[in-house]
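Heads up, the thing below is written out as structure tokens.
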Amino acid sequence: MGGIVGYIGDKQAQPILLDCLVKLEYRGSDSCGIAVLDNSIDLYKDAVRVRELAKVAPQLSGTAGIGHTRLATHGEPSKANAHPHLDCSGNIAVIHNGVINNSQRLKQQLTAEGHHFVSETDTEVIPHLIEKYYDGNLEEAVEAALRDVDGSYAIIALTVGEPKLVTAKKDSPLIIGIGDRENFIASDVPAILDYTNRVIYLEDGDIGVITKDSMRISRGGTEVNRKQHLISWSVEEAQKAGYEHFMLKEIHEEPRVIRDTLVGWVSEDKPAVDLAVMRGGIESMLILACGTSYHAALIGKYVMEELLSIPVRAEFASEFNYYGQTLARTGAIAITQSGETADTLKAMKKLKDVGCQVLAITNVVGSAASRIADQTIYTRAGSEASVAATKSFMAQLMALYWLVMSYSKIDARRLADLIMELRQLPEKVQQVLDNETKILEYAKYVSRYECVFFIGRGINFPVALEGALKLKETSYIHAEGYAAGEMKHGPFALLGSDTPIVAIVAQDNTYEAMLTNIKEIKARGAPVIALAEEGDEAIGELADSIITLPRVDAIFSPVVNVVALQLLAYYTARQRGCPIDFPRNLAKSVTVE
Ligand code: AGP
């Protein structure tokens, strides 16, 4: 995990590399480094964040270079383990994202052949392999080296005497950016958007070679053409726009995200879509995802079962990859914001291998998920920088509602009512945002505790899971999401005055049962903050405090509830002084299994 960037052009490479690396830090960063090519390779790296490195790094002169932010997999964060890594001669430098599965065996072989290693990383075998095969042509040496490698990678290599960068990928994201008398390589678009909006997405097995005024992609020695994409995200969009943190900005973008999403999809009176995955005698649906996207999948399950009347399984992609499945007449959907989550991609490939039609729901145009899938629904959340997913989750919900409503055979009047409600959601979400200062007060209260439960039932059970995930990842409070009815089957043993409960109370068939659960919890001394619809008087008698939410059809209640919980997590984390956008040990995009 982490991010890679390469630059070659007329300008000094160092400031450009450092600037791009800052924008890659959201992918996870515990160390970083750069290497600049002139008559020799000058390298500087350390176990610090990019801005700190930029302050202390000496001036490395040269107009070509590579840069890396690392999130440790093999070996602790340290200067030695930071990238770039060099060969024995110091004439070849490499940066790498991914994992080399056979690095131990390769290290032993190369050591026996006289190579000397200075880090604990798997990556270091790559420059040594390139050195082994180098015969005056870097591209050929990289290709030969990668034939020995088993694993996932996005790499960039450079060598003394050849004014070019060589890049290659397998199961890790990689793009080439086309500039004017300069070219770029990066893990993703935001990294280079300040410099160019013309990008090419590389495919697994591609080898790319860039010089300052040329670009060539080949596979097995044969040149291939890859489409150039014009990226419409503005640079400003990828920045904070005046908010203290990306997370807060991104939560505030949610009304816009819903609007943008629906404008594209919902025509006057009917959402229209034609997807192969929904045709051809599908009798059940399987939705696969990880983390927050999995919570969207769970909500999708409830919505599909209610509006399509088919059985739906929502599963962690990471679990699905390791046990047998019955998949006959099953449609499959993979949800992934980044489109690069390793477990989700692996699950998608497994589905494709057994002949399933796979629909991807992703936020990143041209991402690996969209390339594996038979069809893709692109969510329109825009670039999301905060590690904690917020607006992308909202966009995923919209995609699922739209998809399901397009195929629903429910009564036409009910469907029309739902479409009308769907269109009103931006205003409803805005009302939740307008209540921010009240949520901030509750956050101050929550921030004093070390254990918080989130409970919900039915379609709001996944919202409880998501509320807990948001709180734990941003504020480092131990938070558990629970199905309210399950609390008495164990977690009651933990209840007391120091375990606040956030209870999501929806106006649906779970309402009475939720009130009973809250009474049981109160009887055990735990304070209760309830999320409840305006006008709900009964809850006022029971809960210690209430976050009031606008009225929506129960099927859309996750939309307003989750925004309140995102804000609660954000302000709790801010109160505790946490590094909200880049929580410890986490990466935005988890590109290893
Ligand atoms: C949640 O805030 C995290 N960012 C994480 O759980 C994330 O949803 C998960 O890693 C899946 O990512 P994806 O949607 O890019 O596949």
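The values are calculated or read from the model by the stated rules, or taken from the named source; none is laboratory data. Just so it is clear, the structure is predicted and the values come from calculations on it, not from any experiment. All Cβ positions, even for glycine, are placed from backbone atoms using ideal geometry, and neighbour counts span all protein chains on display. With ligands, DNA and RNA removed, areas are computed over all heavy atoms of the protein, side chains included. Shrake-Rupley method; radii C 1.70, N 1.55, O 1.52, S 1.80 Å.
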Taking the Cα centre of the stretch 2-231 as origin, work out the dipole magnitude from +1 charges on Lys and Arg Cβ and -1 charges on Asp and Glu Cβ, in debye rounded to 20. 460 debye
Find which of S338, G382, L298 sits farthest along the positive direction of the dipole of the stretch 239-432, computed with +1 on the beta-carbon of Lys and Arg, -1 on that of Asp and Glu, about the Cα centre. S338
Over the stretch 1-112, with the other protein chains present, what is the accessible area per residue in square angstrom, probe 1.4 angstrom? 36 Å²
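Order the peptides 30-39, 61-70, 209-218 from the highest to the lowest mean number of other Cβ atoms within 10 Å of their residues.
61-70, 30-39, 209-218
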The aspartates and glutamates whose Cα lies under 18 Å from the Cα of K488, excluding any fewer than 8 residues away in the same chain, are E480, D498, E512, E520
Considering only protein heavy atoms and a probe of 1.4 Å, how much of the accessible area of the chain is carbon and sulfur, as a whole percent? 48 percent
With +1 on the Cβ of every Lys and Arg and -1 on the Cβ of every Asp and Glu, the dipole magnitude of the stretch 239-432 about its Cα centre, in debye rounded to the nearest 20, is 260 debye
Taking 7 Å along the Cα-to-C-beta vector as the label spot, tell me the V224-N39 distance in nanometres, rounded to one decimal. 4.0 nm
For R413 and Q104, compute 0.36 nm times the residue count separating them, minus their Cα-Cα distance, and round to one decimal in nm. 104.9 nm
What net charge do the residues around A35 carry, taking every other residue with its C-beta under 10 Å from that of A35, with Lys and Arg at +1 and Asp and Glu at -1? 0
Using a 7 Å offset from the Cα along the Cα-to-Cβ direction at both N509 and A493, what is the distance between the two label points in nm, to one decimal? 3.3 nm
Treating the angle as unsigned and between 0 and 90°, give the value, to the nearest 10°, between the Cα long axis of helix 254-265 and the longest Cα principal axis of the chain. 80 degrees
Quick check: net charge around I455, other residues with Cβ under 10 Å of its Cβ, Lys/Arg +1 and Asp/Glu -1? -1
Positive dipole terminus of the chain, leading residue within F184, L24, L549 (C-beta point charges): L549
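Quick one: which of K249/K522; K227/K352; K170/K249; K470/K522; K438/K470; K55/K107 span more than 28 angstrom between C-alpha atoms?
K249/K522; K170/K249; K55/K107
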So what's the gap between the Cα centers of the stretch 398-445 and the stretch 95-128, to the nearest angstrom? 51 Å
Based on the Cβ-Cβ distance from K352 to E305, what FRET efficiency comes out when R0 is 35 Å, to the nearest 0.05? 0.90
Note down the net charge around L465, summing +1 for each Lys or Arg and -1 for each Asp or Glu among other residues with Cβ under 13 Å from its Cβ. 0
Which length gain, in nm to one decimal place, applies between S232 and R147 when the Cα-Cα distance is subtracted from 0.36 nm times their residue separation? 26.9 nm
Okay, which of the stretch 425-446 sit inside 20 Å, backbone N to the point 7 Å along the Cα-Cβ direction of E244? 432-446
Rounded to the nearest 0.05, what FRET efficiency do N137 and S545 give with R0 = 41 Å and r taken as the Cβ-Cβ distance? Could you check? 0.05
Under the helix-only model (-39500 (n - 2.57) for each DSSP H run of 4 or more, divided by the residues of the chain), the mean residue ellipticity at 222 nm, to 500 deg cm²/dmol, is -11000 deg cm²/dmol
Once the Cα atoms of helix 557-575 and of the chain are each reduced to a long axis, what angle between those two axes, in degrees from 0 to 90 to the nearest 10, is obtained? 60 degrees
Taking the dipole about the Cα centre of the chain, with the C-beta of Lys and Arg at +1 and of Asp and Glu at -1, give me whichever of I372, A13, L43 is farthest to the positive side. I372
What's the ranking of 378-390, 484-496 by average number of surrounding C-beta atoms within 10 Å, highest first? 378-390, 484-496
Rounded to the nearest 10 degrees, what's the angle between the helix 291-308 long axis and the longest principal axis of the chain, both from Cα atoms, 0 to 90? 50 degrees
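May I ask you to compute the full-extension gain from V160 to K55, defined as 0.36 nm times their residue separation minus their alpha-carbon distance, rounded to one decimal in nm?
Gain in length upon complete extension: 35.1 nm.
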At R0 = 30 Å, FRET efficiency that the Cβ-Cβ distance of Y323 and D553 yields, to 0.05: 0.25
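List the GluC sites (Glu not before Pro) within the stretch 280-354 that DSSP assigns to loop and that have no more than 13 neighbouring Cβ atoms inside 10 Å. Walk me through the numbers before you get to the answer.
Details: sites: E283, E305, E306, E315, E319, E340; in loops: E283, E340.
Answer by residue number: E283.
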Taking a straight Cα-to-Cα line shorter than 13 Å from K301, and setting aside same-chain aspartates and glutamates fewer than 8 residues away, one finds E315
Give me the accessible area per residue for the stretch 435-581, probe 1.4 Å, as a whole number in Å². 35 Å²
